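Right, one structure below, let's go through it.
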Amino acid sequence: MKLTLMSKGDRLMSKSVNWKAALIAGGVAGVISGLVKLGWENVLPPRTPERNKTNPPQRLLEQAGIPEQVTHATYTYSDQQLPWVSYMIHFGFSTSFAMFYSLAGHYVPVIKMGDGTLFGLGVWGAFHLGIMPAMGTVPSAKDQPVEEHVSEALGHVVWMWTNDLIADEVYHKLTK
């Protein structure tokens, strides 16, 4: 039996792509990176307590016409009220982006430059500085506190780096 070690670059540039494995790998990575991003926001909270009363996922749902009693629905764990609807949106976005990244990275390797860090910054810039302010989901970029920019920019870097690391490893294990 011959053991061949492949570098990450060699694995990314393989001839055929197993879509099922790439999407599973992205899904697994998205859940784990979603947990990482939630943890990150406990260390460096992106919003002031006043603005956090309605977080961006809740505001986005309200903009879509979903009533506040749904968008602010919670469950109780350890005597704390936790926003399960927000978590569904959070993990939905995380896994969707991770699955896209995992699959698209096989066809457009440039998006994996910097092991996902540049892609993460791009997602932050596109959504937190452009799309969400334009939709009125969050304040304009100039009206967001510096702490929010720091937390969100660094959080998106760590989030997507986690996606890159986990998705690549899971894909490799599923396809070897």
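The values are calculated or read from the model by the stated rules, or taken from the named source; none is laboratory data. Note that this is a predicted model, so its numbers are computed, not measured. Quick reminder, even Gly has a Cβ in these numbers, built from the backbone with ideal geometry, and neighbours come from all protein chains shown. Protein only, heavy atoms only, side chains kept; ligands, DNA and RNA dropped before computing areas. Shrake-Rupley method; radii C 1.70, N 1.55, O 1.52, S 1.80 Å.
Out of L44, L35, which single residue is surrounded by fewer than 18 Cβ atoms within 10 Å (Cβ to Cβ), of a type outside the set (F, W, Y), within 23 Å of G120 (Cα to Cα) and within 11 Å of the chain's Cα centre (by Cα)? Full working, then the answer.
Values: L44 fails: within 11 Å of the chain's Cα centre (by Cα).
Result of the check over L44, L35: L35.
Pairs needed: first member in the range 75-104, closer than 22 Å to N55 by Cα and open to solvent by less than 80 Å² (accessible area, probe 1.4 Å); second member anywhere, of a type outside the set (D, E) and part of a loop (DSSP other than H, G, I, E, B); C-beta distance under 8 Å; at least 6 residues apart or different chains.
Hits for this filter: L82/T74; P83/N55; P83/H72; P83/A73; P83/T74; V85/H72; V85/A73; S86/N55.
Against the definition (more than 21 Å from the chain's Cα centre (by Cα) and modelled with pLDDT of 90 or more), how does V17 come out, yes or no? Reasoning before the result, please.
Details: more than 21 Å from the chain's Cα centre (by Cα): yes; modelled with pLDDT of 90 or more: yes.
So V17 passes the test.
A quick yes/no check of all residues on (1) among the small types (G, A, S); (2) in contact with a helix residue (DSSP H, G or I) (Cβ under 8 Å, 6 or more places away or on another chain):
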residue	(1), (2)
P57	no, yes
T71	no, yes
S78	yes, no
W84	no, no
I89	no, yes
M99	no, yes
Y107	no, no
G122	yes, no
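Any residue in the range 43-72 that's β-branched (V, I, T): show its pairings with residues that are open to solvent by 70 Å² or more (accessible area, probe 1.4 Å) at Cβ separation under 9 Å, as long as the two are six or more apart or on different chains.
T48/E147; T54/E68; T71/R59
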